[in-house]
Amino acid sequence: MSDTMHQMHGTGENGAVHPAIELRGIDKRFGAVHANKEIDLKVDKGTIHGIVGENGAGKSTLMSILYGFYQADGGTIHVDGELCDIKGSDDAISVGIGMVHQHFMLVETFSVLENVILGVEGGAVLRDGVSKAREELERLEREYSLNIDPDAIVGDLSVGLQQRVEILKALYRGAEILILDEPTGVLTPQEADHLFRILETLKEQGKTVVLITHKLREIMAATDNVSVMRQGEMVAHRKTAETSPEELSELMVGRKVLLRLEKGKANPADTVLKVDNLCVDNAQGVRKVKNATFTVRAGEIVGVAGVSGNGQSELLEALGGIRSAAEGSVELSGQDVTPGKGVDAAELRRRGVAHVPEDRHRMAMVTAFTAKEAAILGYEDDNTYQKGALLDWDAISKATANMMAEFDVRPNNPDLKAANFSGGNQQKLVLAREIMRDPELLLVGQPTRGVDIGAIEFIHKRIVAMRDAGKAVLLVSVELDEIMSLADRILVMCDGSIIGEVSAAEANERVLGLMMAGVDPKEAKAVEGQA
Amino acid sequence: MENFELIILLLDATLRTSTPLILAALAGMFSERSGTINLALEGMMLGGAFSAAAVAFYVGSPWVGLLAAIATTIGLSLLHGFACITHKGNQVVSGMAINILMSGLTALVGIALFAQGGKTPALDKASRFQPITFPGAESFRDVPVLGPIYSELLSGHNILVYIAFLAVPAAWWVMYRTRFGLRLRAVGENPGAVDTAGIGVVAMRYRAVICSGVLVGMSGAYLSTAQGASFLQDMTAGKGYIALAAMVFGKWRPFPALAACLLFGFLDAAATRLQGVVLPGIGEVPVQLVQALPYILTVILLAGFIGRAIPPKALGRAYVKER
């Protein structure tokens, strides 16, 4: 390995500078899906190159081909001007390509050091390589200011630190080209900023970075060049300085998109949901929600922001009736509906609470069901769907077709398997099922996770329409942009507690980010004032 | 003094009864730490025991018998691997299928070859592993306390007993101190990490089940050519499952698994020794109760009374590259 680890990358034989990566005519099919169509891409050495596109545009497939995870059906890969035959990850590593995957490829029970040396142990017996690895690791940490304890167990580290371990892994293997696949999805804005500083340092040291993301803000902030993919095709290459988020989103979707949601002022009326001192424990008995107290009024959207895993999921599940309250109470329009004591999800549904869970596939639908079966889940005992002791499939089909038309679910076919719809259309179907029952309170978690921009716009409009119809909406999302554009009031959760509330008018990313990291709201605003 | 002798005899028997459990538990550990559930230990042990006894009978050497047992169990391991690793089949089903297959196949081949109702012919002394007497064991015998421990407890076992006990630190060293062990543990926790590090997941898992085969082969050979003197139909009598339970009880780690095997071995030995013995104050112990103890204990332990065992994260899941 050590012979390939410090392989020279640089100018070609005649002194001309080759692009770090050049892809020519890369083509890949998965069965009927044409994931990559004749893709050409040039990434200049020593730059940060962004690749944007909607979910399913083929970005990840393209990068997986470059990293040897898949084989392309056609086309060639050139690294530093040399034609490379990349058959597996080891080939990619040997030509200096490193990848930080969206889902970290780490062994959680191992130490940082063990994770870093996995695959490049430097000898059949670990002891021989470990001390050398430790020195090399310390050198890398200094050089790129990636502070991390080599002996820490990876499973105990925060996601931000785990990501650094992934970067260290790639650097340790001598990566000159670093690919990051959706690296900020799990980070707070501050952690993301830190990541971008690390990428800047990498660039200064002459490394090449490829950043895959669907967040245009990150592209604009961090990259030198950007390539846009749409439906498996490479549709444009731009210098970041010469483009705008509006142009990029139009290129991604293929039509004009409203990035900023247009909505009027909220007219909040009576309190619909009153949560008092609510505590929720998870299955292991760990307290995940600590003394949550807040209200949601009719005609307003209350957003719950926070880094994933800080209790928002448990809060939403408790309010939806699928998790019991350990302490505290919940009132719906003045009536006690504290989850647990005879109040379950079915009871809440009867009382006019609609719940769109965070995890669409695990909680909101059965993907093996047809659309019409999925469209009545939770309401299957409704009278309109019954014919004697049996289900009235004609009525159900009609109702489903109606939902699909109303929410623009494509294709409009109630007999198609739920799994065969795109993420956006699945989500629209779930929203249609819940919203068209005309509930008093809509609980909605991650409404646009894995949904493409066009559908996001639609979903956001429908949620605002609920509000304008005088309904109460509680929105949980880890996407700050989504919270900021939808919510009228924003609650921030950190480590199970609601750390503070910010009105939509005074919310900005820095203040929310600091609060999400556990900084007291007053302090957060003070810090913001100085900045 | 009589009690002391009883204890020595009991511990001596414990070493003998725990030997096949230790080898099989280590076998299970290698397989499961790499992510492949190995419920087939029972059937593999049976296959190994039959091959060892049959080949030792024809050739007249226990060593050739041992090699035959190992060859058989490696073959079965590869079959298990082919179903579970290559074809991503259900690992529990594959394991149970091998158990059922071997229960029938050993009896069938046994009847076809020897016509003794599924047994193999009794082996003579030269075809079995013989006790090894340590130097000076006889002269030390009369030294109080240390004498019996040395000459009775430590000396006088066959080579496989010593191999089993040495295999524990060896397995620990391989698992925690070598590149192979690091990769093996990694592939059982997160095969994606191994794949992206440029190491073949499938090859790694095959190597792990082959290790498993070697160890469980020895435990089979021990039953028919060291502890016993022939193969008997279904002679493993659940030892493969007990070994698996010991491994789980030991949280997939060599030394705790050894401790669990010794505990189960001790109960087994006690069941034999206590047969008909009248204990002061208790009276005659019903032997069925003692015989049932390892199983009762297993159920209690697996129900989670003593610490939660956290299995390797990728255990039981075939590796599929995600899109």
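Just give me the residues in segment A:214-238 being among the charged types (D, E, K, R) and either in contact with a Gly (Cβ under 7 Å, 6 or more places away or on another chain) or part of a strand (DSSP E or B) (or both), in sequence order.
Of segment A:214-238, the ones among the charged types (D, E, K, R) are A:215, A:217-218, A:224, A:230, A:233, A:238.
Selection gives A:R230, A:E233, A:R238.
Tell me which of these A:G160 doesn't satisfy, since it passes every other one: (1) part of a loop (DSSP other than H, G, I, E, B); (2) closer than 28 Å to A:S94 by Cα.
(1)
Any chance segment A:520-529 includes a residue that's surrounded by 22 or more Cβ atoms within 10 Å (Cβ to Cβ), part of a helix (DSSP H, G or I) and more than 24 Å from the chain's Cα centre (by Cα)?
There is at least one residue in segment A:520-529 that is surrounded by 22 or more Cβ atoms within 10 Å (Cβ to Cβ), part of a helix (DSSP H, G or I) and more than 24 Å from the chain's Cα centre (by Cα).
Among the candidates A:N383, A:N425, which residue alone is polar (S, T, N, Q), modelled with pLDDT under 90 and closer than 23 Å to A:H214 by Cα? Spell out how you get there, then give the answer.
Values: A:N383 fails: closer than 23 Å to A:H214 by Cα.
Going through A:N383, A:N425 in turn, just one is polar (S, T, N, Q), modelled with pLDDT under 90 and closer than 23 Å to A:H214 by Cα: A:N425.
Across segment A:243-280, what is the number of residues that are within 22 Å of A:V337 (Cα to Cα) and in contact with a helix residue (DSSP H, G or I) (Cβ under 8 Å, 6 or more places away or on another chain)?
Result for segment A:243-280: 4.
Residues being within 7 Å of another protein chain (Cβ to nearest Cβ) and among the hydroxyl-bearing types (S, T, Y): count how many of those fall in segment A:82-137.
2
Consider A:S308 carefully, then state whether it is assigned to a loop (DSSP other than H, G, I, E, B), under 21 Å from A:M363 (Cβ atoms), in contact with a Pro (Cβ under 8 Å, 6 or more places away or on another chain) and assigned by TED's automatic domain parsing to the domain that holds A:H460. Please lay out each step first, then the result.
Details: assigned to a loop (DSSP other than H, G, I, E, B): yes; under 21 Å from A:M363 (Cβ atoms): yes; in contact with a Pro (Cβ under 8 Å, 6 or more places away or on another chain): no; assigned by TED's automatic domain parsing to the domain that holds A:H460: yes.
No; evaluated as a whole, the condition is false for this residue.
Looking at (1) touching a Ser or Thr at 6+ places or on another chain (Cβ under 6 Å); (2) surrounded by 23 or more Cβ atoms within 10 Å (Cβ to Cβ); (3) modelled with pLDDT under 95, find the lone condition where B:V216 falls short.
Every listed condition holds for B:V216 apart from (3).
Could you check segment A:12-120 for helices (runs of 4 or more DSSP H) lying wholly inside it with 1 or more residues that are of a type in the set (G, A, S)? Reasoning before the result, please.
On the way: elements: A:59-66, A:89-94, A:112-117.
The qualifying helices (runs of 4 or more DSSP H) are A:59-66, A:89-94.
Name, by its number, the condition in (1) outside the structural domain of A:F458 (by TED's automatic domain parsing); (2) at pLDDT 90 or above; (3) not acidic (D, E) that does not hold for A:R323.
Of (1) outside the structural domain of A:F458 (by TED's automatic domain parsing); (2) at pLDDT 90 or above; (3) not acidic (D, E), only one is false for A:R323: (1).
Just one of B:L267, B:L263 is free of Cβ contacts under 8 Å to residues at least 40 places away in the same chain, surrounded by 14 or more Cβ atoms within 10 Å (Cβ to Cβ) and in contact with a Leu (Cβ under 6 Å, 6 or more places away or on another chain); which is it? If you could, list the steps in order and put the result at the bottom.
Working: B:L263 fails: in contact with a Leu (Cβ under 6 Å, 6 or more places away or on another chain).
So the residue among B:L267, B:L263 that is free of Cβ contacts under 8 Å to residues at least 40 places away in the same chain, surrounded by 14 or more Cβ atoms within 10 Å (Cβ to Cβ) and in contact with a Leu (Cβ under 6 Å, 6 or more places away or on another chain) is B:L267.
Looking at B:P311 and the list (1) within 14 Å of chain A (Cβ to nearest Cβ); (2) surrounded by fewer than 15 Cβ atoms within 10 Å (Cβ to Cβ), which single condition is not satisfied?
Here B:P311 clears every test but (2).
Filter segment B:164-183 down to the residues that are touching a residue at least 60 places away in the same chain (Cβ under 8 Å) and either within 14 Å of chain A (Cβ to nearest Cβ) or not aromatic (F, W, Y) (or both) and list them by number. Steps first, answer last, please.
Quick first cut of segment B:164-183, residues touching a residue at least 60 places away in the same chain (Cβ under 8 Å) only: B:164-165, B:167-169, B:171-172, B:175.
B:A164, B:A167, B:V168, B:P169, B:A171, B:W172, B:M175, listed by residue number.
Whether any residue in segment B:225-237 is within 14 Å of chain A (Cβ to nearest Cβ) and either in contact (Cβ under 8 Å) with a residue 12 or more places away in the chain or not basic (K, R) (or both) is what I want to check. Walk me through it before giving the result.
Within segment B:225-237, the first condition is being within 14 Å of chain A (Cβ to nearest Cβ), and the residues that meet it are none.
No, every residue in segment B:225-237 fails to be within 14 Å of chain A (Cβ to nearest Cβ) and either in contact (Cβ under 8 Å) with a residue 12 or more places away in the chain or not basic (K, R) (or both).
For the subset of segment A:329-374 comprising residues that are polar (S, T, N, Q) and more than 25 Å from the chain's Cα centre (by Cα), which member is farthest from A:L429 (Cα to Cα)?
First pass over segment A:329-374, keeping only residues polar (S, T, N, Q): A:329, A:333, A:335, A:338, A:367, A:370.
Next cut, more than 25 Å from the chain's Cα centre (by Cα) only: A:329, A:333, A:335, A:338, A:370.
Values: A:S329: 32, A:S333: 28, A:Q335: 30, A:T338: 29, A:T370: 12 Å.
Across segment A:329-374, the extreme among qualifying residues is A:S329.
Identify, by number, the condition in (1) within 14 Å of chain B (Cβ to nearest Cβ); (2) buried (at least 17 other Cβ atoms within 10 Å of the Cβ) that A:T188 doesn't meet.
(1)
Looking at B:G89, is it at negative phi, touching a helix residue (DSSP H, G or I) at 6+ places or on another chain (Cβ under 6 Å) and part of a loop (DSSP other than H, G, I, E, B)?
Numbers: at negative phi: yes; touching a helix residue (DSSP H, G or I) at 6+ places or on another chain (Cβ under 6 Å): yes; part of a loop (DSSP other than H, G, I, E, B): yes.
So B:G89 fits the description; yes.
Please pick out the residue among A:E191, A:E200 that is touching a helix residue (DSSP H, G or I) at 6+ places or on another chain (Cβ under 9 Å), at pLDDT below 90 and not hydrophobic (A, V, I, L, M, F, W, C). Please lay out each step first, then the result.
Numbers: A:E200 fails: at pLDDT below 90.
Just a single option satisfies the conditions, and that option is A:E191.
What is the number of the single condition among (1) at pLDDT below 85; (2) away from chain B (no Cβ under 14 Å) that A:G56 does not meet?
Checking A:G56 against (1) at pLDDT below 85; (2) away from chain B (no Cβ under 14 Å), the one that fails is (2).
If I ask for residues that are over 17 Å from A:L319 (Cα atoms) and either crowded, with 19+ Cβ neighbours inside 10 Å or in contact with a strand residue (DSSP E or B) (Cβ under 8 Å, 6 or more places away or on another chain) (or both), which ones from segment A:259-299 would you list?
Of all residues in segment A:259-299, those over 17 Å from A:L319 (Cα atoms) come to A:259-270, A:284-286, A:299.
Within segment A:259-299, A:A266, A:P268, A:A269, A:D270, A:G299 meet the criteria.
Going residue by residue through segment A:451-469, is there one that turns out to be of a type in the set (G, A, S), closer than 27 Å to A:L278 by Cβ, touching a residue at least 12 places away in the same chain (Cβ under 8 Å) and outside the structural domain of A:H194 (by TED's automatic domain parsing)?
No: zero hits.
Among the numbered criteria (1) loosely packed, with under 14 Cβ neighbours inside 10 Å; (2) among the polar types (S, T, N, Q); (3) outside any helix (DSSP H, G or I), which single criterion is violated by A:T367?
If we test A:T367 against (1) loosely packed, with under 14 Cβ neighbours inside 10 Å; (2) among the polar types (S, T, N, Q); (3) outside any helix (DSSP H, G or I), just (1) comes out false.
Could you please find all residues in segment A:190-213 being under 22 Å from A:A72 (Cα atoms) and in contact with a Gly (Cβ under 6 Å, 6 or more places away or on another chain)? Break it down into steps so the answer makes sense when it comes.
Residues of segment A:190-213 under 22 Å from A:A72 (Cα atoms): A:209-213.
Hit for segment A:190-213 is A:L211, nothing else.
Take the residues in segment B:184-204 that are touching a helix residue (DSSP H, G or I) at 6+ places or on another chain (Cβ under 8 Å), at the interface with chain A (Cβ under 7 Å from one of its Cβ atoms) and not β-branched (V, I, T), then tell me which one is surrounded by the fewest Cβ atoms within 10 Å (Cβ to Cβ).
It comes out as B:G198.
For residues in segment A:59-78 being touching a helix residue (DSSP H, G or I) at 6+ places or on another chain (Cβ under 9 Å) and away from chain B (no Cβ under 14 Å), which is surrounded by the most Cβ atoms within 10 Å (Cβ to Cβ)? It would help to see each step written out before you state the result.
First, the residues of segment A:59-78 that are touching a helix residue (DSSP H, G or I) at 6+ places or on another chain (Cβ under 9 Å): A:66-72, A:75, A:77.
Narrowing the set further to residues that are away from chain B (no Cβ under 14 Å) leaves A:72, A:75, A:77.
Working: A:A72: 21, A:G75: 16, A:I77: 23.
The residue in question is A:I77.
The values are calculated or read from the model by the stated rules, or taken from the named source; none is laboratory data. Nothing here was measured: the structure is a model prediction, and the numbers come from that model. Cβ atoms come from the backbone with ideal geometry, glycine included; neighbour counts cover every protein chain shown.
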